[in-house]
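Report on one structure; see the data block that follows.
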Amino acid sequence: MRKRRPFTPFPTTGYYGPEYFCDREEESQTLISNVRSGQSTTLAAIRRLGKTALIRHVQQILKPDWIPLYVDILPTEKTDDLLKYLATAIIQTIPEKSRQGGKIWNLIKSLRPTISYDAYSGMPNLSFSLRPEESRQPVQELLALMEQGDKPVLLAIDEFQQILSYPESNVDAWLRKSVQELKNVVFIFSGSQQHLMNDLFTNPSRPFFRSTLFLQLDKIPTATYAGFISKQFQENGRKIPDESVNEMLEWTDVHTYYVQLLCNRVYANIPGNVQKDAWKAEAAKLLKEQEYVFFGYREVLTQPQWHLLKSVALEGKVYAPTSKDFIARHQLGSPATVLRSIDSLLRKELLYKHFDKQGKTYYGVYDILFRRWIETI
Ligand SMILES: Nc1ncnc2c1ncn2[C@@H]1O[C@H](COP(=O)(O)OP(=O)(O)OP(=O)(O)O)[C@@H](O)[C@H]1O
Ligand SMILES: [Mg+2]
């Protein structure tokens, strides 16, 4: 992994090392101890909360004793793609001249890959032209070969729920079988589509049922994030009032990506020390930039869906969307209409469904910028 430095102390994409990473100490410890005891983990959270960054962070810490492999399979649509992404991650990480490298590279070469080089990173990318039924076996063989190295492998498969959309049936069945046979390879299966991840790992009729430990990622505690933000400013010789930091965290609902985004803008666009309330202009600019996207939502949604989305945005958290109260307050029609809209908005990832600490279900709007924008119109 090539190390780059971000332009600001608040990067909004990628992982740049512990100096730019806030907290997650408990979660990191849990993951590390699972890995060290040979147990695979399922890591689930709503979008943009920091799953991928946490995986990167833990892999960095474990790097001296483990071979960290990371594969994001979100773009994959079939087993063939899975092979391509896995093989690419392997050749980018495991040198041909290492103990297990020789055999793995030979296997990959025997599949006659086409190699191209990423224009930005210079990393090789592989692709294969195999028939659909031919790609399963090489995936299994690659997994088996990883078993034979000097160091154990920590293989993180991000957006794992994607395998459910492959046209080939039973992908999880044969994958589970391969995974089960490995002793020197530990997995982190991560995903953001919570209902699919739950189905994969907690449904008794599924092959992966209870095969892993479960780690649900939540928001970073507000006070911890506030301390981190102040420190990032201070270390660069700048100040921001505590009051502003707290308001910014409230405005972004402590949702990691949005916190980073707002801090990034404030840091980059306001020179010197940040005055009280100065952040608000940056927040307003962010909303303005997104306005086209938000009007776009309205175009693609039905009236009842749009109204429901707006109503949830206005309330923040909604526990009982089909209750008389909520429906009357926002004039949403019948409970059946609301249920249909919820379904569709969940599928479009405009709403999310989550459990609070007491185990009660509530709904919220995914995009905090959209929520704040609704409040302004
Ligand atoms: N603990 C953290 N401290 C600082 N920044 C973080 C932290 N975790 C994540 N981020 C930042 O927030 C952004 C979103 O995080 P990340 O991509 O890891 O979320 P995700 O849950 O994997 O999202 P998605 O569901 O979209 O894949 C990242 O680009 C990263 O820069
Ligand atoms: Mg991610």
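The values are calculated or read from the model by the stated rules, or taken from the named source; none is laboratory data. None of the values given here were measured: they were computed from a predicted structure. Here Cβ is always computed from backbone atoms with ideal geometry, including for glycine, and neighbour counts include all displayed protein chains.
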Exercise for the section: Go through region 186-217 and give me each residue that's part of a loop (DSSP other than H, G, I, E, B), among the aromatic types (Phe, Trp, Tyr) and surrounded by fewer than 20 Cβ atoms within 10 Å (Cβ to Cβ). Expected result: PHE209
Practice task
Considering only region 221-238, state which residues are outside any helix (DSSP H, G or I) and under 21 Å from PRO6 (Cβ atoms).
Solution key: ASN236, GLY237, ARG238
Exercise for the section: Mind telling me which of the residues LYS109, LYS78 ends up being over 27 Å from GLN193 (Cβ atoms) and either away from ligand 1 (no atom under 16 Å from the Cβ) or under 22 Å from the mean Cα position of the chain (by Cα) (or both)? Expected result: LYS109
Completion exercise
Note on region 233-258: residues more than 18 Å from GLU19 (Cβ to Cβ) and basic (Lys, Arg) are LYS239
Problem - Residue list for region 2-56, restricted to those being aliphatic (A, V, I, L, M) and farther than 23 Å from VAL186 by Cα - result: ILE46, LEU49
Problem - Residue pairs meeting the criteria (Cβ under 8 Å; at least 6 apart or on separate chains; first touching a residue at least 12 places away in the same chain (Cβ under 8 Å) and β-branched (Val, Ile, Thr), in region 12-41; second part of a helix (DSSP H, G or I) and more than 16 Å from ligand 2 (Cβ to nearest atom)) - result: THR12/ASN264; ILE32/ILE61; ILE32/LEU62; VAL35/LEU62; THR41/THR30; THR41/ASN34; THR41/VAL35
Practice task
Please go through region 15-27 and pick out each residue that is closer than 30 Å to VAL179 by Cβ and in a helix (DSSP H, G or I).
Solution key: PRO18, GLU25, GLU26, GLU27
Handout entry: Yes/no for ARG340 being charged (D, E, K, R) and under 30 Å from ALA283 (Cα atoms)
Key = no
Practice task
Would you mind stating whether ILE61 is assigned by TED's automatic domain parsing to the domain that holds ALA173, among the hydrophobic types (A, V, I, L, M, F, W, C) and more than 10 Å from ligand 1 (Cβ to nearest atom)?
Solution key: yes
Practice task
Only residues that are surrounded by 15 or more Cβ atoms within 10 Å (Cβ to Cβ) and outside any helix (DSSP H, G or I): list them for region 239-249, please.
Solution key: ILE240, PRO241
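How many of the residues in region 7-18 are more than 15 Å from ligand 2 (Cβ to nearest atom) and under 18 Å from ILE55 (Cβ atoms)?
Qualifying residue count, region 7-18: 3.
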Exercise for the section: Test LYS280 against the stated conditions and say whether it is within 30 Å of ARG329 (Cβ to Cβ), at pLDDT 95 or above, more than 25 Å from the chain's Cα centre (by Cα) and not assigned by TED's automatic domain parsing to the domain that holds LEU345. Expected result: yes
Exercise for the section: Scan region 1-42 for residues that are near ligand 1 (Cβ under 9 Å from one of its atoms) and either more than 30 Å from GLY364 (Cβ to Cβ) or not acidic (Asp, Glu) (or both) and jot them down. Expected result: PRO6, PHE10, PRO11, THR12, THR13, GLY14, TYR15, TYR16, TYR20, PHE21, CYS22, ARG24
Problem - Which numbered condition ALA226 misses (of (1) within 16 Å of ligand 2 (Cβ to nearest atom); (2) among the aliphatic types (A, V, I, L, M); (3) out of contact with any Phe, Trp or Tyr (no Cβ under 9 Å at 6 or more places or on another chain)) - result: (1)
Exercise for the section: Evaluate region 131-153: report whether one residue or more is closer than 25 Å to GLN60 by Cα, within 16 Å of ligand 2 (Cβ to nearest atom) and β-branched (Val, Ile, Thr). Expected result: no
Completion exercise
Restricted to region 74-84 and to residues being crowded, with 20+ Cβ neighbours inside 10 Å and closer than 21 Å to SER40 by Cα, the residue farthest from ligand 2 (Cβ to nearest atom) is LEU83
Handout entry: Out of THR52, THR30, THR42, THR12, sole residue that is assigned to a loop (DSSP other than H, G, I, E, B) and of a type in the set (Val, Ile, Thr)
Key = THR12
Exercise for the section: Report, by residue number, each residue of region 305-345 that is of a type in the set (Val, Ile, Thr) and over 18 Å from LEU369 (Cβ atoms). Expected result: VAL318, THR322, ILE327, THR337, VAL338, ILE342
